[in-house]
Amino acid sequence: MKLIFRLITLFCLLYGTSSKAQDNAQLVAQCAANAGNNVTYLKDFIVKLDAGTPGGKAPSAKFSMILSKNTMYRFSICSSPNSKGEGVLQLWEMNDMLGSTFMSATGKDYPFFDFKCQKTGVYHVFISFKEGKAGEAVGILSFVKKL
Amino acid sequence: MMKHIIYFVLVTMVLSSCRSGEEKQAGSEFDVPDSIVNEGVLEISEEIMQDIVQNVSSPVEMAALVKSLGVPYSKKYLSPTDRVNELSTSFKQALNLGVYGADLGYLNMYDKTSAVIDYISAIKVLSDGIKVGQFFDFITLKRLAQNNQNLDSLMYISVHSFNQMDKYLRSSNRSNLSALIVTGVWIEGLYLATQVAKEADHPELAERIGEQKIILNDLLLILDNYKSDKQFNSLITELNILKKEFDDIRITIEKGEPEAVEENGMLVIIQNDKSVVDISPERLESIINKTEKIRKRLINI
């Protein structure tokens, strides 16, 4: 009986892992498609975060990339349907935040924002979840056009 | 008896689940030779390396710039695929996988679907060689290319496959191969830009070539981790020759505050920093010549 229980657990684990990868792939494809027709997908950032501690800083995931001058990029965020928290994507350069899918001043959310890059260099994407909730999301970097 | 039947069914289910999982997850059953697994202590941490590696070089952007300048498509910028079976080591396979990846980006950008099939086939051979062929959906890619339809999907699957492969290599302790692929993409992108710049004066392209100084420095930082390997050392030596050419290029930054504006209901962030690249015609010419020689040697290294 013990053996059967172990086998069932193993099967669930294996099946769960494979279906998780499939869910991620679907979310990436869907999010890339939502970014628009005339853009080219470049990168995806898959994030799964635990909830933060009460009163503490919201956990976030960081991704670094090189962006090129005179290029318009699009940064999109899509939260997984199972996600407790709503994903927020921010673009940073060194210690300066350049853009975010959530504008705290107006309380407005955007599924994506475009970035007109004027300087080739290293930029950072941070993905977190509102109110430090646990969550799963996918960020997408797309190429829009040369400026 | 019932117990035995349940046992048999469960074992069958577990085994079949393992097999299907292997296709998607790039199973760990591969016998990875010692020579292509990271050895020893890295000079910079894996985490920092991953930070640097992300999007060091995209197979799409340089091609997009060239196309936006009105430069017509030309096959002469591409690396020939006829010698793909001669690339026998994982080092050569990974480096050339990057080269062909950049070429595939160029072909996709110009919608040259008939030529795409040759490059997809070459990429299949090389990716199978370094045991990452499972990330490329070659059947779908070929079908899309042959039918000359849904070109956006062709581009998406191509780029996504490269990203999947890159993630897998980095997560399975084979960042060295990932670094080689990135190097291949970068050198081929630079080769394309310099060949176009050789034929006609394009100030924007010259500036973009000068900016590769920043990317080359990052690339060398990554490759330096593997300098104990003879082939990597040879690659680093070649790239250091190229780096010298970039040394006197000055990049100055004019600071400005970013602006957030709404255009047709969409949020647009305008960066008001500006970089100015100072590259003389003589320096550009020497970079063009050096890139040509180095790219030729690298793809035959």
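The values are calculated or read from the model by the stated rules, or taken from the named source; none is laboratory data. On a predicted model such as this, the values are computed, not experimentally measured, just so you know. Note that we place each Cβ from the backbone using ideal geometry, even for glycine, and neighbour counts take in every protein chain shown.
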Output for segment B:108-150, where each listed residue is closer than 23 Å to A:ALA32 by Cα, at pLDDT below 85 and out of contact with any helix residue (DSSP H, G or I) (no Cβ under 7 Å at 6 or more places or on another chain): B:ARG143, B:ASN147, B:GLN149
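Pick out the one residue from A:LYS48, A:LYS43, A:LYS62, A:LYS84 that is assigned to a strand (DSSP E or B) and over 29 Å from B:ILE214 (Cα atoms).
The conditions single out A:LYS48.
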Residue count, segment B:111-151 (criterion: farther than 25 Å from B:VAL66 by Cβ and either touching a residue at least 60 places away in the same chain (Cβ under 8 Å) or assigned to a helix (DSSP H, G or I) (or both)): 18
Selection status of B:ASP166, in a helix (DSSP H, G or I) and either surrounded by 23 or more Cβ atoms within 10 Å (Cβ to Cβ) or of a type outside the set (Phe, Trp, Tyr) (or both): yes
Scan of segment B:68-102 for residues that are of a type in the set (S, T, N, Q), outside any loop (DSSP other than H, G, I, E, B) and farther than 16 Å from B:ASP128 by Cβ, ordered by number: B:SER68
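To keep it simple, each residue is scored yes or no on (1) surrounded by 19 or more Cβ atoms within 10 Å (Cβ to Cβ); (2) touching a strand residue (DSSP E or B) at 6+ places or on another chain (Cβ under 6 Å); (3) modelled with pLDDT of 95 or more; (4) not in a strand (DSSP E or B).
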{"residue": "A:ALA105", "(1), (2), (3), (4)": "no, no, no, yes"}
{"residue": "A:PHE113", "(1), (2), (3), (4)": "yes, yes, yes, no"}
{"residue": "A:HIS124", "(1), (2), (3), (4)": "no, yes, no, no"}
{"residue": "A:ILE127", "(1), (2), (3), (4)": "yes, yes, yes, no"}
{"residue": "A:GLU131", "(1), (2), (3), (4)": "no, no, no, yes"}
{"residue": "A:VAL138", "(1), (2), (3), (4)": "yes, yes, yes, no"}
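Residues are listed down the side, and each one gets a yes or a no for (1) over 30 Å from B:GLN93 (Cα atoms); (2) touching a helix residue (DSSP H, G or I) at 6+ places or on another chain (Cβ under 6 Å):
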{"position": "B:ASN173", "(1), (2)": "no, no"}
{"position": "B:ALA197", "(1), (2)": "no, yes"}
{"position": "B:ASP201", "(1), (2)": "yes, no"}
{"position": "B:ASP218", "(1), (2)": "no, yes"}
{"position": "B:LEU242", "(1), (2)": "no, yes"}
Test result for B:GLU282, assigned to a loop (DSSP other than H, G, I, E, B) and out of contact with any helix residue (DSSP H, G or I) (no Cβ under 6 Å at 6 or more places or on another chain): no
Single residue of B:ILE253, B:ILE215 found to be part of a strand (DSSP E or B) and either farther than 30 Å from A:PHE112 by Cβ or within 14 Å of chain A (Cβ to nearest Cβ) (or both): B:ILE253
In segment B:194-250, residue farthest from B:ASN289 (Cα to Cα) [restricted to those that are buried (at least 16 other Cβ atoms within 10 Å of the Cβ) and among the polar types (S, T, N, Q)]: B:ASN225
